[in-house]
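Peer 1: Sharing a structure here in structure tokens format.
The values are calculated or read from the model by the stated rules, or taken from the named source; none is laboratory data. Predicted model, so just to flag it, every value in this text is computed and none were measured. As a convention, Cβ positions derive from the backbone with ideal geometry for all residues, glycine included, and neighbour counts pool all protein chains shown. SASA here: full protein model, heavy atoms, side chains in, ligands and nucleic acids out. Shrake-Rupley method; radii C 1.70, N 1.55, O 1.52, S 1.80 Å.
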Protein chains: 2
Amino acid sequence: MATRPRYIRPLDFKAGRIDMSHGAGGRASAQLIEELFMPAFANEWLAQGHDGATFAPPPELAQGGQLVMATDAHVVSPIFFPGGDLGCLSVHGTINDVAMSGARPLYLSASFIIEEGYPLSDLRRLVQSMAQASHEAGVPIITGDTKVVEQGKGDGVFISTTGVGVTYPGLRIDGRQAQPGDVVFVSGTLGDHGVAVLSQRESLAFETTICSDTAALHTLVADLVAAAGPGLHVLRDPTRGGLATTLNEIAQQSGCGIHIDERALPVAPEVEAACELLGLDPLYVANEGKLIAICAPQAAARVQEALLAHPLGRGAQRIGEVVADAQCFVQMRTRFGGTRMVDWLTGEQLPRIC
Amino acid sequence: MATRPRYIRPLDFKAGRIDMSHGAGGRASAQLIEELFMPAFANEWLAQGHDGATFAPPPELAQGGQLVMATDAHVVSPIFFPGGDLGCLSVHGTINDVAMSGARPLYLSASFIIEEGYPLSDLRRLVQSMAQASHEAGVPIITGDTKVVEQGKGDGVFISTTGVGVTYPGLRIDGRQAQPGDVVFVSGTLGDHGVAVLSQRESLAFETTICSDTAALHTLVADLVAAAGPGLHVLRDPTRGGLATTLNEIAQQSGCGIHIDERALPVAPEVEAACELLGLDPLYVANEGKLIAICAPQAAARVQEALLAHPLGRGAQRIGEVVADAQCFVQMRTRFGGTRMVDWLTGEQLPRIC
């Protein structure tokens, strides 16, 4: 029944570009929403067409589940890289932040800050990549916003995503739950994402293309929860700052130390070679599809089994254990039998990695 | 018990600037969070220190309330303007989007995209303004993210905020609920925000400083809900695109027409003068602390009373009514007794207004 605003012509996804009017909130903004975002993200909540999206409370709340909210700004450069792009990364990253809180991700919001002149064809590619990631994960994008800044005041596209989820009833999964004796696992190889983005940015060609590991980890988390229940203490995805920084955060929050074994750390040979060439330490390189799981020793066998049985955990390794240490040090037994401190990332190893 | 990472020196809020390391996820990022964001936003959820924040479900869910999620990217230029700044605007804007969905705002997330070199003193001013707006509104910022982009790849600071809320049980407030015969109110003067930002941006000096109306409207919404209950059909804040575009959106969603009376539109004399000088139409200028309320005729007296009794509704006016019109036209009786079409904003009248 409602008439649509009459657009003079449809958006030109071949040669068209974003201009300031697409962010002005008038007819051009409405057209961008109607011809790009609505068909790509197509869901009943977005179709409400309101300033916000309304959704039913999840059933877990009746069993004592709590709500979770997580947000991320994504500014990865370049926007397209081997194995992924800003679009799917922005979906995976926020789904993972919700999942690492021991929660089932429910819904996402997305806000876009687009630089004037950005090609509509690239924007469509990004939006379709987001839509695909969201559909595959079963976590719909239910509300959004688009702003446009003048040429030279942005860098292509920035995407901020926020996720809402519900915790697994009865579980407390967070950095404070790590205890001496707990076992530390990582779900697969380290450093793939950071090296993939860097090699694309610096136009480095290695013999093998290194692909980002960007992936949504929530189904792996569900499997770990099912396998270990309250034996699962901490989940964390080692993104910016890498494994080293994430372990230091957990050590700080739990008031424990962590010992890891260098020989157990999974690093793909081509990533290791690239890191050597570039002077990077894979311990500090960002990952986007890996998690650290810390569990009670009694649950370790079940956690390991659940990791190895999931496509995203096939390369999982038991890498160390939590120890009593009032100083909260993270230490590593090196390949040569010595021990060294693993400190926080200092300065910036790889900027704009996510 | 937990040791903190040892920073060499505290952040220099007088002369310091943001550098790339503040967005790298390592020690400098942790310091920025610990010395700026945590003390300013101080709340139990942020103190969880996790990738996401966990919160208890609101009591309204037991009475049939639904959850609401709304998001906004804020890129206003200049960042500081008469009556407000990017910080409080980013809090008010998202609180209002949640409230306009007929919901009580509960929590906010905030993500920052900061340009390398941005003064820490200005960032602190912004963060304190956000914190004040959030405290005054009673809607805490419970999780966040910070990214840094190279100089020339951003424009100072962009802030994306997302809000979660819970609907008033038993009410359905959205654009589709407008019906022929319904009465249209606006809560106060039009155009203040847009003209305030523009005059600051263009360094225009008028006799009187025009201040932005930026404000959180959720307590006004609560009063309207209490006064009118199911007689309240639509709430919307006329931001980008102004009153004209917002009324067209409502007309389109409801499949009705809307008639407004130019003589009833509240515009401050200094805003009207500035608009005349600048060739702007106040109908299309953005507001950040005003709402449109559409209600059943039986509820109109109570809605008017509730508006006038609230500090943010003192300048409220009844401006028109919803009519049957299959074409969904918005029309205005002019001061001179004629009638003209009020169309959607076309092109961009005022870029980067919010």
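Peer 1: What nm distances, shortest first, do you get from the label point of A:PRO169 to those in the other copies when the point sits 7 angstrom along Cα to Cβ?
Peer 2: 1.9
Peer 1: Something else: What does the accessible area of B:VAL148 come to, in Å² to the nearest 10, when a probe of 1.4 Å is used?
Peer 2: Per-residue accessible area (B:VAL148): approximately 10 Å².
Peer 1: Projecting each Cα onto the charge dipole of the range B:25-156 (Lys/Arg +1, Asp/Glu -1 at the beta carbon, about the Cα centre), which of B:VAL98, B:GLN151, B:PRO58 comes out farthest on the positive side?
Peer 2: Of the options given, the answer is B:PRO58.
Peer 1: Using modelled amide H (1.01 Å from N, peptide plane; none on Pro or chain starts), what sits under 5 Å from the amide H of A:LEU106, excluding residues fewer than 5 places away?
Peer 2: A:VAL164, A:GLY165, A:VAL166
Peer 1: How many percent of Cα pairs in the range B:225-354 exceed 16 Å?
Peer 2: 66
Peer 1: Once the label point is set 7 Å along the Cα-to-beta-carbon vector, what list of distances in nm do you get between B:ALA222 and its counterparts in the other copies?
Peer 2: 3.7
Peer 1: Placing one identical point scatterer on every Cα of the range A:189-262 and ignoring solvent, what is log10 I(q)/I(0) from the Debye formula at q = 0.15 Å⁻¹?
Peer 2: Result of the Debye calculation: -0.72.
Peer 1: Something else now. Label position 7 Å from Cα toward Cβ: report the copy-to-copy distances for B:ALA324 in nm, one decimal, ordered from shortest.
Peer 2: 8.2
Peer 1: What is the Cα coordinate range of the protein assembly as shown on the first, second and third principal axes, sorted by size from largest, in whole angstrom?
Peer 2: That works out to 91, 50, 48 Å along the principal axes.
Peer 1: What number comes out for the charge environment of B:GLY16, summing +1 per Lys or Arg and -1 per Asp or Glu over other residues with Cβ under 13 Å away?
Peer 2: It works out to a net charge of -1.
Peer 1: Taking the 0 to 90 degree range and rounding to the nearest ten, how far is the long axis of helix B:300-309 tilted relative to the main principal axis of chain B, both from C-alpha atoms?
Peer 2: Relative to chain B, helix B:300-309 is tipped by roughly 40 degrees.
Peer 1: In a GNM of chain B with a 10 Å cut-off on Cα contacts, which of B:PRO282, B:PRO119, B:PRO266 has the highest mean-square fluctuation?
Peer 2: Comparing B:PRO282, B:PRO119, B:PRO266 in a Gaussian network model of chain B, the most mobile one is B:PRO119.
Peer 1: Averaged across the residues of B:13-25, what count of C-beta atoms belonging to other chains lies within 10 Å of each residue's C-beta?
Peer 2: If you average over the peptide's residues, the count of other-chain Cβ atoms is 4.
Peer 1: Further question: Using only Cα atoms, find the angle between the long axis of helix B:86-100 and the longest principal axis of chain B, and express it within 0 to 90 degrees, rounded to the nearest 10.
Peer 2: 50
Peer 1: Follow-up question, since we're still on this one. Give me the net charge of A:SER109's neighbourhood, meaning all other residues with Cβ under 11 Å from the Cβ of A:SER109; Lys, Arg count +1, Asp, Glu -1.
Peer 2: Net local charge, A:SER109 excluded: -3.
Peer 1: For an R0 of 60 angstrom, estimate the FRET efficiency from the Cβ-Cβ distance between B:LEU204 and A:ALA264 and round to the nearest 0.05.
Peer 2: E between B:LEU204 and A:ALA264, to the nearest 0.05, is 0.40.
Peer 1: Am I reading the A/B interface right? What is its buried accessible area, both sides, 1.4 Å probe, to the nearest 100 Å²?
Peer 2: In total, this chain pair buries about 7100 Å².
Peer 1: Testing the spin-label approximation: label points 7 Å from Cα along Cα→Cβ at A:GLN63 and B:GLN327. State their distance in nm.
Peer 2: 5.7
Peer 1: Also: Which whole-Hz ³J(HN,Hα) couplings does the range B:318-333 yield from phi under the Karplus relation 6.51 cos²θ - 1.76 cosθ + 1.60, θ = phi - 60°, glycine and proline marked x?
Peer 2: Per residue, the Karplus-derived 3J(HN,Hα) values read 7, 10, x, 8, 8, 10, 6, 6, 4, 8, 6, 7, 9, 10, 10, 6 Hz.
Peer 1: Let a ≥ b ≥ c be the square roots of the eigenvalues of the Cα gyration tensor of chain B; is it rounded (a/c under 1.5), or, if not, prolate (a/b larger than b/c) or oblate?
Peer 2: Since a/c reaches 1.5 but b/c is at least a/b, the shape of chain B is classed as oblate.
Peer 1: Let me ask you something else. GNM on chain B, C-alpha springs below 10 Å: top fluctuator among B:ALA133, B:ALA316, B:ALA273?
Peer 2: Answer for the Gaussian network model of chain B: B:ALA273.
Peer 1: Same structure, new question: Rolling a 1.4 Å sphere over the protein heavy atoms, what is the accessible area per residue of the range A:209-354, to the nearest Å²?
Peer 2: For the range A:209-354, the solvent-accessible area averages 37 Å² per residue.
Peer 1: Please report, as a whole percent, how much of the solvent-accessible surface of chain A comes from carbon and sulfur atoms (probe radius 1.4 Å).
Peer 2: Exposed carbon and sulfur together represent 50 percent of the surface.
Peer 1: Right, something else. Given R₀ = 22 Å, FRET efficiency for A:ARG314-A:ASP343 by Cβ-Cβ distance, to 0.05?
Peer 2: 0.15
Peer 1: Out of A:ARG124, A:ARG340, A:ARG17, any idea which swings most in a Gaussian network model of chain A, alpha carbons joined below 10 Å?
Peer 2: A:ARG340
Peer 1: Let me ask something else. Excluding B:THR54 itself, what net charge comes from residues whose Cβ is under 13 Å from its Cβ, given Lys and Arg +1 and Asp and Glu -1?
Peer 2: Here the count lands on -2.
Peer 1: So what are the ³J(HN,Hα) numbers for the range A:345-354, from phi and the Karplus equation (6.51, -1.76, 1.60; θ = phi - 60°), rounded to whole Hz, Gly and Pro as x?
Peer 2: 4, 10, x, 10, 7, 9, x, 6, 9, 7
Peer 1: Moving on. Determine the relative contact order of chain B: mean sequence separation of Cα pairs under 8 Å and six or more apart, normalised by residue count, in whole percent.
Peer 2: 21
Peer 1: Report the gain in length on full extension from A:GLN151 to A:GLN132: 0.36 nm times residue separation, minus Cα-Cα distance, nm rounded to one decimal.
Peer 2: 4.0 nm
Peer 1: For the cross-link pairs A:LYS14/B:LYS153; A:LYS147/B:LYS290; B:LYS14/B:LYS290; A:LYS153/A:LYS290; A:LYS290/B:LYS147, which exceed 30 Å when the distance is taken from alpha carbon to alpha carbon?
Peer 2: B:LYS14/B:LYS290; A:LYS153/A:LYS290
Peer 1: Shifting gears a bit: Classify the range A:1-129 as rounded, prolate or oblate from the Cα gyration tensor: take a ≥ b ≥ c as the square roots of its eigenvalues, call it rounded if a/c is under 1.5, otherwise prolate when a/b beats b/c and oblate if not.
Peer 2: In terms of gyration-tensor shape, oblate.
Peer 1: Can you give the mean number of other chain Cβ atoms that lie within 10 Å of the Cβ atoms in peptide B:104-112?
Peer 2: Whole-number average of other-chain Cβ neighbours for B:104-112 is 4.
Peer 1: I'd like the residues of the range B:40-79 whose 1.4 Å-probe accessible area shrinks by no less than 40 Å² going from the isolated chain to the full set of protein chains.
Peer 2: Buried on complex formation: B:GLN48, B:HIS50, B:ASP51, B:THR54, B:PHE55, B:PRO57, B:GLN66, B:LEU67, B:MET69, B:THR71, B:ALA73, B:VAL75.
Peer 1: Also: Write down the accessible area per residue of the range B:1-120 in Å², having rolled a 1.4 Å probe over the full set of protein chains.
Peer 2: Per-residue value: 34 Å².
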